[in-house]
Structure formats: structure tokens, C-alpha cells
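Heads up, the thing below is written out as C-alpha cells.
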Amino acid sequence: MSNTKKRKRQKRYALPEAGSSPGLVYIDEHSLKPVIKIYRYNTDSYDIIDITTIKKAKTIIADKNFTFWIEIKGFASAELFESLNTDFNINKLILEDITRTYQRPKLEEYEGYVFAISRMLNFDKNGDLDNAQVSFILTDNAIITFQEGYEDCLEPIRKRLKAGKGNIRLAGSSYLMYALMDIIVDTYFEVLRQWGEDLDAIEDRLFDRPDKSIMYDTQVIKRHLISIRRVVWPERDKLNDILRSDSPLITDQTKLYIKDAYDHCIQIIDIVESLKEIAISNIDMYLSVISNRMNEIMKVLTIMSSIFIPLTFIAGIYGMNFAREDPITGKLLPQNMPELYNAHGYLYTIIVMGAIAVAQIIYFWRKGWFK
């Protein structure tokens, strides 16, 4: 993992004003221009239709010989959502949830269709985590998906549709919804694998050369783990709601596969908890290493102080310079220092101080302080 970098600020969502009317569609000033594609397929054919307005989709999906995936990317069109309300009879509360892209994963059943939300996680070009909302509207022969941005992780599903292998062209629109939800859940494994590798690298740095960037890098991953935990738990509940649903739009075959996606959510929750414990352990280990390093420094300083304290005491005594004889009267002063004018006093003092220092070093060495 690279050195500490400035933490990316979490995206701030525009919340509705308190007391505002429910069902209001929100169009952000930075919203992208809508791009609408229809994937039309059955067991024998597959093609892609580009349309400019959602009204055209109503006549196209009327053909019950095909299954349709209407993919809508970009929300910068009030007419788009007005048409969904008037032409497709989509409840305004659902349209509000689609455009307010901070919703938690959930499932809601209405007459004639099912509404669901998933959170799509992936890394952007800068390596930061992007948490985007994907909304689903399921009907008897079509599924409509809504994304705020153009980038996604759904390309493998498009390739499977084009190849026509497996059940994806045979099992209807509810199976396609499962396939889209499943790949979104599977990308969580990729995200967690990257964070697991980063935590392993951080642990290696702890044993090699710990520095303060370790704590910062670990804290960033820990915050991401909290974010994904807030996504996976409601995603698991949503899949459980699908399993318990009585809607005729969700087939028993689809529910069989939903069980597999549900198990993946359980695995992801276990991995998240494990990585969170590793992150906390890395922070605790870093603080312990720093504390031990500080203790070693304090021990060295303590040894040095212990050696020099008696030497400083001796030097302080003989630095007082109380003469043995009065320099003016020549009178002897018996209570003053007799060694001050000794011919070898300096040498004797140095020898005594050196002997004391050596004795202390030997004592500390035998005590194991130098290990």
C-alpha cells in the first residue's frame, strides 16, 4: 500500500428539506445526460436498441416473445421521470428513492412490479471507493435499471446475454435481476480482497519499519469496512425478503439462485468482521511497537543518567572550590577541602569517577539492561 494520502471526503448527498412533500423527484445540477439502452433477447436472438426517450420503450417491451433489460444511466431529465410516472405507472415515491441516491438496499412490492435497490462498490481511477446506487424495477417480461453514473461492474452480465449461455436467456426477467444483484455482491469480494492485501502489507511494514502513516492507512481501511458493513447487512435482508416474497414476478427458480447470493452476503459479513479485527489489531500493534520503542529510549536515557549522577555529584563537590588555606593570611582552614591542592588530586578524582562508572556499567550488564 502506498504512503499516507489525503483521505477522500465522503460524498455529500442533498437531503430533502424538513416538511417537504414526499414523492418529489430530485435532479442534481451535476447529473449526467440520460443514456437509455434496451437489451432485447430470447433463446434465439439478442440485440441492443438505443432510444432517446423512455416513451419508446413502452411499445417495444409490449412484445411478450422477448425479455427486456432497459438500462438508464444519468438522471438529468425531468421528462424521463414524468414519463415513468405517467406511461409506466411508477409510483412517485419510488422515483424519489431512485433520484435520492443515498438509499439503503431494500425490496418493495407493488401491483404489477417489484422495486429494489442495491449498492454497487468499486474503485475509481484514483483508487478511492465509489459507493453508487443501482435501482431495479421488475415487471413480468422486463427489468429497468437506474444508475446515476455511466461506469458500472455489470459488463460480465452483458457478455453473458450476448453469448446466450446458461439460464440467463431462458429464465425470464427475475433471473436477470438476480444475475445483476449477484455480480454486485460478488464485487464486494474483490473490494475486500484488495483491503485484505493492504492490511497484510501494513502488517509487514509494522515488523519492518513502523511509522505514523501505518495508523492513518489502517484507519482509512477501517472506515471503508464500516461503510461496506452498512451496505452488506441491508443487502442480506433484501435478499431474504426476496426469498420470502409471494410476488408472482419472482419465480421459484430465481429464488433458488437467490439463496446462493444470500450465502455470499453471509460470507462477506464474516470477512468484513475479520478484516475489521485485523485493522484494529494493526493499530493496537503499532501503538504497542511505538510504546516499546519509547520504553527502550527511556531505558537508555535512564542508564546514562544513572551513570552520570554520581559523577556529577563528585564533580559538584569539588567544584565548590573551598580552599584549605586562606590566600591572604595563610591561616589553615581545617574544615575545607584537603584535596584541593593535592599534587595528584585531579588524577585520583578522575580514576575514582571512572571506577564508579565502570562498576555501574558492570552492574547494569549483569542485570540484563543492555539486552
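The values are calculated or read from the model by the stated rules, or taken from the named source; none is laboratory data. It should be emphasised that the depicted structure is a prediction, and the values quoted were computed from it without experimental measurement. Virtual Cβ from ideal backbone geometry, glycine too; neighbours counted across all protein chains shown.
Kindly indicate whether any position in the stretch 50-70 is closer than 30 Å to S227 by Cα and in the same structural domain as I228 (by TED's automatic domain parsing). The answer is yes, given that some residue of the stretch 50-70 is closer than 30 Å to S227 by Cα and in the same structural domain as I228 (by TED's automatic domain parsing). Just to be sure, is V232 within 29 Å of the chain's Cα centre (by Cα), surrounded by 14 or more Cβ atoms within 10 Å (Cβ to Cβ), within 23 Å of Q103 (Cβ to Cβ) and not assigned by TED's automatic domain parsing to the domain that holds G354? When the stated conditions are applied, V232 passes them. Among residues that are surrounded by fewer than 15 Cβ atoms within 10 Å (Cβ to Cβ) and among the acidic types (D, E), E82 is included. For the stretch 68-108, the set of residues classified as outside any loop (DSSP other than H, G, I, E, B), of a type in the set (K, R) and in contact with a strand residue (DSSP E or B) (Cβ under 9 Å, 6 or more places away or on another chain) consists of K73, K106, listed by residue number.
Taken as a whole, the condition of being surrounded by 15 or more Cβ atoms within 10 Å (Cβ to Cβ), out of contact with any helix residue (DSSP H, G or I) (no Cβ under 6 Å at 6 or more places or on another chain), assigned by TED's automatic domain parsing to the domain that holds F66 and outside any strand (DSSP E or B) applies to G149. Here I168 fulfils each of the conditions (1) farther than 18 Å from V35 by Cβ; (2) among the hydrophobic types (A, V, I, L, M, F, W, C); (3) not in a loop (DSSP other than H, G, I, E, B) apart from (3).
Here's the yes/no breakdown for (1) of a type in the set (D, E, K, R); (2) modelled with pLDDT under 85:
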{"residue": "K255", "(1), (2)": "yes, no"}
{"residue": "I269", "(1), (2)": "no, no"}
{"residue": "V289", "(1), (2)": "no, yes"}
{"residue": "T312", "(1), (2)": "no, no"}
{"residue": "M320", "(1), (2)": "no, yes"}
{"residue": "E325", "(1), (2)": "yes, yes"}
{"residue": "P334", "(1), (2)": "no, yes"}
{"residue": "A343", "(1), (2)": "no, yes"}
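None of A201, A179 is in the same structural domain as S247 (by TED's automatic domain parsing) and at pLDDT 90 or above except A179.
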